[in-house]
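Encoded as structure tokens, the structure appears first; notes follow it.
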Amino acid sequence: MSAPKLSMNATVTWNANVVDSIRIAKAAGFAGIELQTPWLDPYLDAGFAPEELVAHLDGLSVSGVGALHEAEPEAFAAQAGRLAALTAALGGKQMQMCTGPVDVSVVKDHWEGCLADGDPRYRGAVGWPDREALELTAANLATAADIAAGHGLDVYLEPLGWAPVNSTRQAAWILETINRPNAGLTVDLWHCYVAGETPEDVASLDPALIKAVHVCDGLPLPAPDTIPDQAVYRNVWTGGGIIPLQEYVDAVKSTGYNGWYCAEIFCPKTAQIDSLLVATALRANLEVLVS
């Protein structure tokens, strides 16, 4: 069996532009890069075409492109079409979809009772019964999968720890329900941990459903009902937090999955030091975890 493939999420080079992020990923020894629209959009808005970025890749694989956010149906479909076309133009094979709302402040405001009826921010299924929340995300993922299929792509669903749909268990139910062969899920170790999923839960996943694994550490939540705001509880160097990363990675490996493992980090301190140093250290860390 071939060795697992190591990729770098654009968060690793937080303050770099997309061209520098690609250069750093290659220099740090990653085989792939997971590109994200906050880095891609400024490049495109400056007047460059996606095809011009391909020349910079020069052998570096695009492990995925993200992220599609849940939204109202018309806006969601338009966003999905744009991301699918962009992913295909960059030579990627799969695109990322996150469960919503992506804006954690919406969830916080709801639980604090100050989310007004007319608030324009997307709230999705916040406050809905569990089954209805699952059905809403299932409908959105089916739409995204169909649009992605039209471009020859897969789509992987990432359950966000603060969203109504926040676990791989829920994602697996959705995938079974929509029955789209090009749809799968992300195992994000931080989101799994804050959603209360154990390594044993991860080990029970069907490897055919796993399209990507995100490796990132976290800080302890002060109480079980804490809204897991990643700006607060992901603010730590990988390996310096409380998530048993090796146990989770071993659980993923036990399923037989052998695809992309992607390093990411949400620590502002690392964004202010040498990005190549950060990327190289994270790649070495990831290599040890998956070996």
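Read the figures in this text as sums done on the coordinates, not as results from a lab. Computed from a predicted structure; not experimentally measured. Backbone-built Cβ (ideal geometry, glycine too); neighbour counts: all protein chains shown.
DSSP beta bridges confined to the chain are antiparallel in about 0 percent of cases. For Kirkwood radius over Cα pairs in Å, one of (i) 20.0; (ii) 19.1; (iii) 22.1 was computed from the structure I shared and the rest are decoys. Which label? Answer label, from the structure shown: (ii).
With θ taken as phi - 60° and the Karplus curve 6.51 cos²θ - 1.76 cosθ + 1.60 applied, the whole-hertz 3J(HN,Hα) list for the stretch 131-136 is 5, 5, 5, 4, 5, 5 Hz, x standing for glycine and proline. Beta bridges from DSSP with both residues in the stretch 1-69: antiparallel share about 0 percent, rounded to the nearest 5. Distances between placed amide hydrogens fall under 5 Å for Phe266 paired with Val236, all partners being 5 or more residues away or on another chain. Among residues other than Pro50 with Cβ under 14 Å from its Cβ, the summed charge is -3 (Lys and Arg +1, Asp and Glu -1).
For Gln96, the amide hydrogen comes within under 5 Å of the amide hydrogens of Val65, Gly66, Leu68, Tyr156, counting only partners 5 or more places away or on other chains and with H modelled in the peptide plane. Per-residue 3J(HN,Hα) values for the stretch 282-289, derived from phi via the Karplus relation 6.51 cos²θ - 1.76 cosθ + 1.60 with θ = phi - 60°, read 5, 5, 5, 4, 5, 4, 5, 4 Hz in sequence order (x marks Gly and Pro). Backbone amide hydrogens, once placed in the peptide plane, bring Glu34 within less than 5 Å of Met8, Asn9, Ala10, Ser63, excluding anything fewer than 5 places away on its chain.
Of all lysines in the structure, the ones whose alpha carbon falls short of 24 Å from that of Lys26, not counting any fewer than 8 places away in one chain, are Lys5, Lys93, Lys211, Lys269.
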